[in-house]
Amino acid sequence: MIDRRRLTELTEEVDELHHESMRTIRDELGEAHLGELAPGFRSNRRRFLTRMAAGGAVLTAGSMVAPIAGLVPAASAATSDLDLVRYMASLELAFVEIYREAADTQKLRLHVATAASTFGGHHQDHADALNTLIGETGTVSDPNKKLLQQYKSTIRGAADEDAVLNILYGVEEAAASTYLASIGALTDATDAGTLATILPVESQHATVLGSLLQKPSTSYLIDFVTTDSALDIKDYPVPAGEQQP
């Protein structure tokens, strides 16, 4: 298992990436609001994203690499952008509670608990950013109930620190996959850009946890992020009751 100093270094690196991504999202959302005063702004951004895909640009986060072509909004989406962003916000709020539940087990050593607390804080910031993207109508204030219930019971039954960390690792793998799957279903470039900015942070959470668990590097330092572990909105719906009036 990696030592305390190395874990602290890795956590600080991810935290730096997270804060940079939040700054980028704030800038992007600010531009989007300006776009309301400047017709054609969103369509220009969409053309820019499409040109990036055609040019073979890549999005990187450490050793985690995803082709930008996979992030271009799909021609047809199963649900609306609002539904998907609300779904992701509900998942992020569930991730916050899952990390809190992990801390409550008191099975994590202090430096490990500190890293987990940092990651949980990132998820709260992601939820806040997604709710900003949603706007006042449809804001999500409650965690995804089904997902939270599923993981709470699993964490409460975890035997030791490694068992808790393996659960959190699975959560982060699912988070990264779900972001990738959702990005491909979005039709608005600003929505897709926000999710694409969050995705590398989720991937790096998994990388740190995988390192901490001494998993084979090939299990988390992969060539491409895939959607294999994505959480399906049909399996974890966002009930109307989770929407603020």
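The values are calculated or read from the model by the stated rules, or taken from the named source; none is laboratory data. All values reported here derive from a predicted model rather than from experimental measurement. FYI the Cβ positions are ideal-geometry reconstructions off the backbone, even for glycines, and counts take in every protein chain you see.
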- Within segment 108-126, the residues that are under 16 Å from Ala163 (Cβ atoms) and either acidic (Asp, Glu) or in a helix (DSSP H, G or I) (or both) are Val112, Ala113, Ala116
- Number of the condition not met by Met64 [criteria: (1) farther than 15 Å from Leu186 by Cβ; (2) surrounded by 19 or more Cβ atoms within 10 Å (Cβ to Cβ); (3) at pLDDT 50 or above; (4) within 20 Å of the chain's Cα centre (by Cα)]: (3)
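Go through Leu108, Leu147, Leu93, Leu84 for me and flag whichever is more than 18 Å from Gln204 (Cβ to Cβ), under 19 Å from the mean Cα position of the chain (by Cα), of a type in the set (A, V, I, L, M, F, W, C) and at pLDDT 95 or above. Explain how you work it out, then say what you get.
Working: Leu108 fails: under 19 Å from the mean Cα position of the chain (by Cα); Leu147 fails: at pLDDT 95 or above; Leu84 fails: at pLDDT 95 or above.
When all the criteria are applied, what remains is Leu93.
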- Query: Given (1) more than 28 Å from Asp83 (Cβ to Cβ); (2) assigned to a helix (DSSP H, G or I), where does Ala175 come up short, assuming only one miss?
  - Reply: (1)
- Residue that is farthest from Arg6 (Cα to Cα), among those in segment 192-236 that are modelled with pLDDT under 90 and among the acidic types (Asp, Glu): Asp235
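When you look at Ser153, is it of a type in the set (Gly, Ala, Ser), surrounded by 15 or more Cβ atoms within 10 Å (Cβ to Cβ) and either part of a helix (DSSP H, G or I) or modelled with pLDDT of 90 or more (or both), yes or no? I'd like the intermediate steps shown before the answer.
Values: of a type in the set (Gly, Ala, Ser): yes; surrounded by 15 or more Cβ atoms within 10 Å (Cβ to Cβ): no; either part of a helix (DSSP H, G or I) or modelled with pLDDT of 90 or more (or both): yes.
No: the conditions fail for Ser153.
Given the structure, is Val164 modelled with pLDDT of 95 or more and closer than 22 Å to Leu93 by Cα? Before the answer, list the steps.
Values: modelled with pLDDT of 95 or more: yes; closer than 22 Å to Leu93 by Cα: yes.
Taking the combined requirement at face value, the residue satisfies it.
Quick check on my filter: what residues within segment 96-105 are of a type outside the set (Phe, Trp, Tyr), farther than 15 Å from Val201 by Cα and assigned to a helix (DSSP H, G or I)? Explain how you work it out, then say what you get.
Going residue by residue through segment 96-105, those that are of a type outside the set (Phe, Trp, Tyr) are 96-98, 100-105.
After this cut, where a residue has to be farther than 15 Å from Val201 by Cα as well, the list is 97-98, 100-105.
Across segment 96-105, the qualifying residues are Glu97, Ile98, Arg100, Glu101, Ala102, Ala103, Asp104.
Going by the structure shown, is Thr197 surrounded by fewer than 24 Cβ atoms within 10 Å (Cβ to Cβ), of a type in the set (Ser, Thr, Tyr) and part of a loop (DSSP other than H, G, I, E, B)?
On the way: surrounded by fewer than 24 Cβ atoms within 10 Å (Cβ to Cβ): yes; of a type in the set (Ser, Thr, Tyr): yes; part of a loop (DSSP other than H, G, I, E, B): no.
No; evaluated as a whole, the condition is false for this residue.
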